[in-house]
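Working notes, structure below.
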Amino acid sequence: MLPTKLFGIIPPVVSPLIDTNTLDVDGLENVLNRLIEHQVHGIFILGTTGEGPNLSHRIRKEIIKHTKTFVQERKPVFVCVTDTSPEELLEIAAYAADNGADALVFAPPYYSPINQQELLAYSEWLIPQLPLPTLLYNMPSHCKVSFSLEAVKKLSLSEKIIGIKDSSGDMSYLNNLMGSVENPDFCFFTGPEILLAETLFIGGNGGVSGGANLYPQLFVGLFEAFQQGDLIKVMEFQQIVKELDRAVYFDGFMKGIKAALALKGICQNKAMPPLFPMANEGLKKLESSIKYLEDKYPFLKK
């Protein structure tokens, strides 16, 4: 069940695979188990880090079903349903609702060239048909179009829309957004984890942080330090997040996270094309970087 107002660290979970046709169910449970053990505040599946748009609808449904079966009611489950086809989007949204998901997430359609007027019209047509509370997902680097301040302000008036995950990396946009939305229960989450502390400082509610797949204790620790008013600790954790960025994401954050999880024995180093897993010299560099990071900060080994 969703809290009245969302907050905290809601990791965008990787989608472990055995091959391009087979979900790694054991790997998925390993990832989810670590996240829940480290007290994350929610579970976000089929997003960018989860390679959602690359996966077949069959595998997406398997991930939804296995995630909810494993998580049960321990944490709210968010399902990203972004698709180029509204019919397929609504079909996977209905499947998520039927299988116990708590909320949906959708980004702008990422192929058709649309302007702000068309994006708003599409969103206003789509939202009433969604079966669950929904987060907007602002991802202009991948979708080519951003939800404008005016669009978010208008969409936030819908009872279905409960917040936004902003992955633009534009803090002025996010700051202005917080000043524009009048709904007091509307929530603001950042995607880029290097901006997590800054987002909390300006009034944001938390982060959808991909690195939490690998080190959930780091991101939960940062959020808890902020809640406790320990700003020095917040900045110490944020510095480690920056080091994680350099150590793991040098060949792309999606490749880096999944390869690092594989090195730790949590899931397999398999990706869904057009992505391909990190290999050879990249893996050697990654293994060395992770060892350095965990030796420097032993709490990351847990």
*If each residue's Cβ is checked for other Cβ atoms within 10 Å, how do 190, 20 rank with the fewest at the top?*
20, 190
*Given 68/153; 233/301; 165/291; 65/285; 144/285, which pairs have Cα atoms separated by over 26 Å?*
68/153; 165/291; 65/285; 144/285
*Gaussian network model of the chain, springs between alpha carbon atoms under 10 Å - residue of 96, 259, 247 with greatest fluctuation*: 247
*Estimated 222 nm signal from helices in the chain, with DSSP H stretches of n ≥ 4 weighted -39500 (n - 2.57), rounded to 500*: -14000 deg cm²/dmol
*Would you please give the FRET efficiency between residue 242 and residue 33, computed as 1/(1 + (r/R0)^6) with r the Cβ-Cβ distance and R0 = 41 Å, to the nearest 0.05?*
0.90
*So for the stretch 8-230: antiparallel DSSP bridges make up what percent, rounded to the nearest 5?*
10
_Whole-number D in µm² s⁻¹ for the chain, Kirkwood Cα-pair radius fed into Stokes-Einstein, 4 °C, 1.567 mPa s_ = 67
*So what's the gap between the Cα centers of the stretch 238-295 and the stretch 136-209, to the nearest angstrom?*
27
*Looking at the stretch 22-75, which GluC sites (Glu not before Pro) are DSSP coil and have at most 16 other C-beta atoms within 10 Å of their C-beta?*
73
*Selected from 55, 231, 218 as most flexible by GNM, with the chain as the system and alpha-carbon contacts under 10 Å*: 231
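Every read-out reported here was derived from the displayed coordinates using simple, explicitly stated rules and does not represent laboratory data. The shown structure was predicted, so the numbers you read here are calculated from the model rather than taken from an experiment. Neighbour counts are summed over all protein chains in view; Cβ atoms, including those assigned to glycine, are modelled from backbone coordinates with ideal geometry.
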